[in-house]
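The values are calculated or read from the model by the stated rules, or taken from the named source; none is laboratory data. Note that the structure is predicted; figures quoted are calculated from it, not measured. Backbone-built Cβ (ideal geometry, glycine too); neighbour counts: all protein chains shown. For the accessible areas, the whole protein counts, side chains as well, though only heavy atoms, and no ligand, DNA or RNA atoms are used. Shrake-Rupley method; radii C 1.70, N 1.55, O 1.52, S 1.80 Å.
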Amino acid sequence: MTLTVFFSAPAVWEEYRTLLPQLLADAGIDADVVIDAPDPAIVDYIIYAPSAPLQDFTPFTNCKAVLSLWAGVERIVGNQTLTQPLCRMVDNSLTEGMVEWVVGHALRHHLGMDRHIINPDHVWDATCPPLARERKVAMLGMGALGSACAQALAALNFRVVGWSRTDKKVTPGIPGYHGAEGLESALRNADIVVTLLPKTPETENLLNAERLAMLKPGAFILNPGRGPLIDDEALIAALDSGQVGHATLDVFRIEPLPQDHPFWSHPGVTVTPHIAADTRATGAAKVLVENIKRGEAGLPLLHVVDRVFGY
Ligand code: NAP
């Protein structure tokens, strides 16, 4: 039987149009990969980007799973017409990209690189930065991305602590806190906070004025998770008061970040345009094919989104 795989992400179709059929054939799966689905009822799997036009899944009456190209699924997880299993993207190249972004920006702030890179008055400031072992890093979110970033920073001797929803022992040597009661222990006196949480009703505005006040004065924030994790106004107030030394932000409530948003001009903010970790076709296509293979073999799908928790 020939499967029909509907690729509902026109913006990146060119990257997948030969790769996916090839990998499916290599896996022994007979499949047509199509960008148009004139008869939705024949579609077996949907490959999906939450930015794609498809919003009504009702006509896809025989679809076995929706496979997202994105790790973050907040735009689709509440879609009432989507009744099939929804899988999100977990892929090594996505993780590698995130680790590089987080480690690079953490080291920038830890070492105070800006003082030497932008030094028009040729100031001979020989203040040495502390060692990484003297810096506490709070990793909010210890999932696929957060735990990899935590391990990379711990390997550089940062004093990393993790925070997640459930009690999990991720890595020896990285203390883990969880739940509302564990958040203060994770944040208290942190020098660097990294937010790698999904956007859900529970995580929105998580870093508010009260929590920013728990950090060590002058702390650095790295947010490659989602814009709404941080209360924008509270962050600007904390930057203005010096409670937060600098915020490097990759994600925003509105993207592209509007030209008149105060983040663009604030000297304590670095804006990167949602580039921390991209889904690369070569890695992602293998993950998609593995899930189709599992679906056809009757095995549990990988990276299934929990609709109750929203991630
Ligand atoms: P993941 O594997 O699902 O991990 C999510 C983590 O957040 C888990 O540790 C989870 O706790 C924790 N969490 C969720 N809700 C929580 C709550 N209410 N309280 C405390 N902890 C909570 O996700 P991931 O693959 O690491 O991705 C994380 C996020 O990164 C994505 O959702 C997306 O928004 C963002 N992202 C950004 C980019 C970019 O380019 N900027 C790229 C990819 C992804 P448990 O471990 O207990 O479940």
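Of P198, P300, P175, the residue with the greatest mean-square motion in the GNM of the chain, using alpha carbon springs below 10 Å, is P300.
Determine the percent antiparallel among the DSSP beta bridges restricted to region 95-271, to the nearest 5. Antiparallel: roughly 0 percent of the beta bridges in region 95-271. A simple spin-label model places the labels of F309 and D26 3.2 nm from each other, with each point 7 Å out along Cα-to-Cβ. Build a GNM of the chain with springs between Cα atoms under 10 Å apart, and of N79, N208, N291 the one that fluctuates most is N79. Once all protein chains are placed together, F309 keeps about 80 Å² accessible to a 1.4 angstrom probe. In order along region 31-44, phi translates into HN-Hα couplings of 9, 9, 9, 10, 9, 10, 10, x, 10, x, 5, 8, 6, 8 Hz, rounded to whole numbers, per the Karplus curve 6.51 cos²θ - 1.76 cosθ + 1.60 with θ = phi - 60° and x for Gly and Pro.
Screening the chain for DSSP H helices whose Cα atoms reach 20 Å or more along their own axis and whose mean Kyte hydropathy is at least -0.5 gives 92-111, 281-297. In the chain, the alpha-carbon atoms span a convex hull of 154 Å³ per residue. For the chain, a crude dipole built from +1 on the beta carbon of Lys and Arg and -1 on the beta carbon of Asp and Glu, taken about the Cα centre, is about 940 debye to the nearest 20. Of R135, R75, R159, the order by accessible heavy-atom surface (1.4 Å probe, DNA, RNA and ligands excluded), from most exposed downward, is R75, R159, R135. For D44, the solvent-accessible surface with a 1.4 Å probe is about 20 Å², rounded to the nearest 10.
Largest accessible area first, the listed residues K216, K293, K136 line up as K293, K216, K136 when surface is computed with a 1.4 Å probe on the assembled protein chains. Across region 83-175, Cα pairs under 8 Å and at least six residues apart give a relative contact order of 26 percent.
Per residue, the average separation of C-alpha pairs within less than 8 Å and at least 6 apart gives the chain a relative contact order of 17 percent. Across the protein chains, with a 1.4 Å probe defining accessible surface, the residues V304, V289 rank V304, V289 from largest area downward. All other residues whose Cβ lies under 11 angstrom from that of A209 are scored, Lys and Arg at +1 and Asp and Glu at -1, for a net of -2. Accessible surface of S241, taken over heavy atoms with a 1.4 Å probe and every protein chain present, rounds to 90 Å². Estimated from the Cβ-Cβ distance and a Förster radius of 22 angstrom, the FRET efficiency linking E100 and L302 is about 0.40. Karplus-based coupling profile of region 262-269, in residue order and whole Hz: x, 4, 4, 9, 6, x, x, 10, with θ = phi - 60° in 6.51 cos²θ - 1.76 cosθ + 1.60 and x standing for Gly or Pro.
Centroid-to-centroid, using Cα positions, region 278-302 and region 23-67 are 13 Å apart. Using Cβ point charges alone (K and R +1, D and E -1), the dipole size of region 95-271 about the Cα centre works out to roughly 660 debye.
What separates the Cα centres of region 176-249 and region 125-159 is a distance of 15 Å.
Extending 7 Å from the Cα toward the beta-carbon at both R280 and W13 defines two label points whose distance is 2.5 nm.
Taking a ≥ b ≥ c as the square roots of the Cα gyration tensor eigenvalues, with a/c under 1.5 meaning rounded and otherwise prolate when a/b beats b/c, else oblate, which class fits region 95-271? The shape class here is oblate. Taking every DSSP beta bridge that has both ends in the chain, the antiparallel portion is near 5%. For E255 and K216, the difference between the fully extended length at 0.36 nm per residue and the C-alpha to C-alpha distance is 11.1 nm. Think of region 177-311 as having a plus end and a minus end, set by charges on the Cβ of Lys, Arg, Asp and Glu; of A297, L235, P224, A297 sits farthest toward the positive end of this dipole.
So for region 1-46, what are the equivalent ellipsoid semi-axes in whole Å, largest first, each being the square root of 5 times an eigenvalue of the Cα gyration tensor? Kindly include the intermediate steps, with their values, before the conclusion.
On the way: eigenvalues 52, 47, 7 Å².
Ellipsoid semi-axes (Å, largest first): 16, 15, 6.
In the structure shown, the pairs K199/K293; K136/K286; K169/K199; K64/K286 are assessed against 26 Å; a Cα-Cα span above that value is assigned to K199/K293; K136/K286.
Note on N119 and I35: with the Förster distance fixed at 41 Å, the Cβ-Cβ geometry gives a FRET efficiency of about 0.20. Projecting the Cα positions of V251, A154, A9 onto the charge dipole of the chain (unit charges on Cβ atoms of Lys, Arg, Asp and Glu, taken about the Cα centre) puts A154 furthest along the positive direction. Here the sum of -39500 (n - 2.57) over DSSP H runs of 4 or more residues, divided by the residues of the chain, equals -8500 deg cm²/dmol at 222 nm, to the nearest 500. Taking amide H as placed 1.01 Å from N in the peptide plane, the amide H of F7 sits under 5 Å from that of V34, I35, I47, each at least 5 places away or on another chain.
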